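Single-structure report; data block below.
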Amino acid sequence: MKTVVITGASTGIGRAAAEYLAGQGWRVYAGVRKHSDGEPLKAANANIHPLILDVAKPDQVKAAVQTVSKALEGQTLDGLVNNAGIANMGPLALQPMDEFQQHFDVNVFGLMRTTQAFLPLLGMDEARTGEPGRIVNITSVGGRLSAPFLGAYAATKHAVEALTDSLRRELLVYGIDAIAIGPGSVKTPIWDKAEDMNRHEPYANTVWAKPIEQFADVMLKGGREGLDPKVIGETIEKALTRDKPKARYAPVPDKLTNWIIPTRLPKRMVDGIMAKRFGLARKA
């Protein structure tokens, strides 16, 4: 039985990936922040083993490594899927610095803390038996294409894209691969919660109030029409098991208009499209 650790498995992509891989026969250690989040995962499949794992807390990361190491009994870990992350909307000109920093604490520093801690299990500890494991970092369309009002999130995902490439090249000496998966919108319960949020607070009295509302509406619609989470689970398994996996996968709905065209157009042209779409053009 292959073994994988997935961070941020309480909801969304992480949970869907945990359930998918467990259904394919993987032993899944699913990182959650609360015991109550782990119970539905255990109930879904006996192959899922919840781990209390907040990637921003070094003591929890260390404890998770010890738990997984004991279970492996000297074997290598087959995969680490770094999925945990946060995203809070806000214009960069006004977004509080502590909120901006929190994105990096979780999405970048938390990812690197977890990766460094699990690398011995993935094959850096050459006393372990078995083939080297793989690291799969869940980035985003935002790792290559920056949207307004998600600047903090996009900055962290750009960083993770770069870290993935550097890790992959550095870890060649151990045979440990590092792969990025940058999904577009995915159908998860988070979109049901998003509809009830007052999406432009605390920016209601700023010039960005209406554009944020328009942007949030587009995001909500895209999420509800997004990919089935199973697609991401399938993509993760490809990255973990194929003999020659891609360095980066981009599972994106309506890929031509949401990925291929905007990533190839001149940036100024994309600026104009977004300005029109979200009401960001300067008033005459």
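Structure summary
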read-out	value
Residues satisfying the stated conditions in region 210-267, i.e. assigned to a helix (DSSP H, G or I) and of a type in the set (S, T, Y)	T235, T241, T257, T263
Filter result (under 24 Å from F100 (Cβ atoms) and hydroxyl-bearing (S, T, Y)) within region 113-171	T114, T115, T139, S140, S146, Y153, T156, T164, S166
Top-ranked residue in region 1-34 [being more than 25 Å from Q116 (Cα to Cα) and free of Cβ contacts under 8 Å to residues at least 40 places away in the same chain; ranked as surrounded by the fewest Cβ atoms within 10 Å (Cβ to Cβ)]	G25
Of residues in region 165-183 being over 20 Å from the mean Cα position of the chain (by Cα) and in a helix (DSSP H, G or I), the one surrounded by the fewest Cβ atoms within 10 Å (Cβ to Cβ)	V173
Flag for L122 being of a type in the set (A, V, I, L, M, F, W, C), in contact (Cβ under 8 Å) with a residue 12 or more places away in the chain and in a loop (DSSP other than H, G, I, E, B)	no
Condition check for A46: hydrophobic (A, V, I, L, M, F, W, C) and more than 19 Å from K230 (Cα to Cα)	no
Subset tally (residues that are farther than 16 Å from A84 by Cα, assigned to a helix (DSSP H, G or I) and among the basic types (K, R)) for region 9-61	1
Hey, E161 of a type in the set (D, E), under 22 Å from V4 (Cβ atoms), at pLDDT 95 or above and not in a loop (DSSP other than H, G, I, E, B) or not	yes
Scope region 124-144; condition within 18 Å of the chain's Cα centre (by Cα) and surrounded by fewer than 20 Cβ atoms within 10 Å (Cβ to Cβ); matching residues	R144
Breaking point among (1) at pLDDT 95 or above; (2) closer than 30 Å to L265 by Cβ; (3) part of a loop (DSSP other than H, G, I, E, B), for P132	(2)
Residues being surrounded by 14 or more Cβ atoms within 10 Å (Cβ to Cβ) and not in a loop (DSSP other than H, G, I, E, B) - total across region 273-284	3
Residue list for region 46-71, restricted to those being surrounded by fewer than 17 Cβ atoms within 10 Å (Cβ to Cβ), over 11 Å from A117 (Cα atoms) and in contact with a helix residue (DSSP H, G or I) (Cβ under 9 Å, 6 or more places away or on another chain)	A46, I52, K57
Qualifying positions in region 146-158 - surrounded by 20 or more Cβ atoms within 10 Å (Cβ to Cβ) and not in a helix (DSSP H, G or I)	F149, L150
Residue within region 75-93 that is under 17 Å from A30 (Cβ atoms), in a helix (DSSP H, G or I) and either in contact with a Gly (Cβ under 8 Å, 6 or more places away or on another chain) or not hydroxyl-bearing (S, T, Y) (or both) present	no
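The values are calculated or read from the model by the stated rules, or taken from the named source; none is laboratory data. Note that the coordinates shown come from a computational prediction; the quantities given were computed from them, not determined experimentally. Backbone-built Cβ (ideal geometry, glycine too); neighbour counts: all protein chains shown.
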